[in-house]
Amino acid sequence: MVLRMNAFTFVGLFLLSLTWKAAWAKVEVNMEDRVEVFLGDTAQITCMFTVSDSHDDVIIQWYMITKTNVRLRIYYGDSTIQVVDLGGQFTDKISVNGMGKSSEVVLTIRDVALEDELEFICQVNGLSAGNTEGRTMLKVFASPDRPNIEGVHSGISVSNKNPSKIGSCEAKNGYPRPNITWYRDQSPLQNTPGEVSVVTLVTKKSSGLYTVQSNLHLNVVKEDKDSFFYCEVSYLVPGGTKMTETNKINITVHYPTTSLDVWVESPKGRVKEGDTVEVHCRANGYPQPPFTFMHNMQELKSELNVLVLKDVMRLSNGNITCTALDLDTYEETVGHTELFVDYLDPAVLIPKDTHVMAQGEELMATCNALSSLPTHTEWFKKGEKVAEGHTLTLKDAVFDMAGKYVCVVKVPSLEGLVTSGSLHVHVQGPPEIKESADTVLEEITETFLNLSCHARGYPTPVITWSSSDESQILKEVSHRQTEDEVLSVVIVKVTSDITANCNASNVHGTDSFPFSIKAIVQTTSSDPSTTVPVTVVAPVTTVTPVTPPKRVKKEGRGVIIAVIIICILLLAILGSVLYFLYKKGKIPCGRSGKQDLTKPNKDSIVVEMNNDNTEEAVLLGVNGDKKSSSDQ
């Protein structure tokens, strides 16, 4: 009996020990609340567990909670077998790692879809230790496409009583649903009755992705013409939130005109007579209203907002009015500007046109031009400035003062404002033959000469020619004259010694200028007794322009007379020496030489021109002797 009790006692104690051991053995499971992943990526859900005081194998089972809240097993496994339940949505896309005595198993889901966003349960069965489970929610995210924004293309009037549509913003293919916020110049816009209205339309596609469209309506004000509008799209991503901004848009705001600007656009600066003037008008409203221009109470045609005035005169001075009509309110707005045209009248000369004055007289001429601005006057003769100021003074008039004087009046402060006038001055007096390059003789051929004579005086002198040899004909080949000058050119055939006279005359007197022309025949003696052979040479011409004493200017008369006397003395000494040598027979001379010595010309310097191949100038003395080149 005692033994039987001991046996029962032993069994009881064994069972009691087993019960006590089971009571102290338990399973613990630890899982994340949620796992977040992008659409199409791979998700990993970790199940961490511990089993205390148990050496038994554990059984792992994974479950999912469907959208209809139904619990379905998708996986079973222990240390010997691992099975994925067939016929479910995860049959081909899940795997489990970490079986056996590992205290961590990982459920891997490939190519996550939106319908995979479910709650997953990991159940750990420790046999004698019992079973425990943990739960994790799988969250799936899809970033939307870049948002688009489009503003209205028509103008928006500030006079609209209800909010007007500003634009539309759209975000496509996002999950979960994106949010759209409108901004005006960095400031968010919220729904405000009567001022701001944001209308949002959400569309869910068959793929499960969302498209969100937001329309902004606003009561615009004038300041909105310079504002920029855009929208911000915010959306969830694994681990946080992202935001994307659209491009900025500007709207066209119509607002009424309250003032006008009127100004002269062209020319810049001061306006002068003859200019083309452009007057512009601009309103501070938008769009620009139609304009009407009035000039000195007269309506003028214009192109849009520009009035063009061509060839303005001083009569164009006055007020220019621009009137704008607002087509929304039908109210008129007026602007003004003043036009002033600077002018310069034609120059007035006293005396005018032509003035005749006698030699020695004095002339005081004036030149003035009426102008709206200060003027400056200059006098010119033959392009050179001769005086400055409104008055031109000519004292002790001489022929050199005759001519055309041009008076130029200009406005220094306004380029292009200039006028001019001219005065012709004639100096009366007897003719005066000018001893210049115009009063010359020119050899044409061996026996023909051109004689030029230039005379001045007023009235215009008349030139006549005369010759000491009446058989010689002086033929005029050129004749040019102005109001107080004349130039005559004649041609003469030289066959003998002659003197040609240029005679100039008018009502006040006469003047003359002689040309002395000497024909010389050079010969060489053929008599053997002479030292130089005689050869007949063709005639040559020697021409001497005779300068009367009265042609010498007063201030240089003494000097010139002294020079002439010295030259005559030198020539006389040279002639005497040559004559002495001739008498001694040192200089053989033909008959023609003697003839020249008997006919000296004491009043002229004679130039001899030979007609041989090499022209040789021979200077003749007062007695007519010819010098050699070495003597010259």
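Nothing in this text is a laboratory measurement; each read-out follows from the coordinates by a stated rule. No experiment lies behind these values; they were computed from the predicted model shown.
By its C-alpha gyration tensor, with a ≥ b ≥ c as the square roots of the eigenvalues, how is the range 348-430 shaped: rounded for a/c under 1.5, else prolate for a/b larger than b/c, else oblate? Prolate, since a/c reaches 1.5 and a/b exceeds b/c. Taking amide hydrogens as placed 1.01 Å from N in the peptide plane, the amide H of Lys248 sits under 5 Å from that of no residue at least 5 positions away in sequence or on another chain.
Report for the range 222-312 the percent antiparallel among DSSP-assigned beta bridges with both residues inside it, nearest 5. Counting only bridges with both partners in the range 222-312, antiparallel ones make up about 100 percent.
Which pairs, out of Lys172/Lys242; Lys268/Lys310; Lys172/Lys204; Lys165/Lys242; Lys352/Lys381, put more than 20 Å between their alpha-carbon atoms? Checking Cα-Cα distances, Lys165/Lys242 exceed 20 Å. Treating the range 27-141 as a set of equal point scatterers at the Cα positions, no solvent, please give the Debye-formula log₁₀ I(q)/I(0) at q = 0.16, 0.18, 0.22 Å⁻¹. The Cα Debye sum returns log10 ratios of -0.69, -0.87, -1.25.
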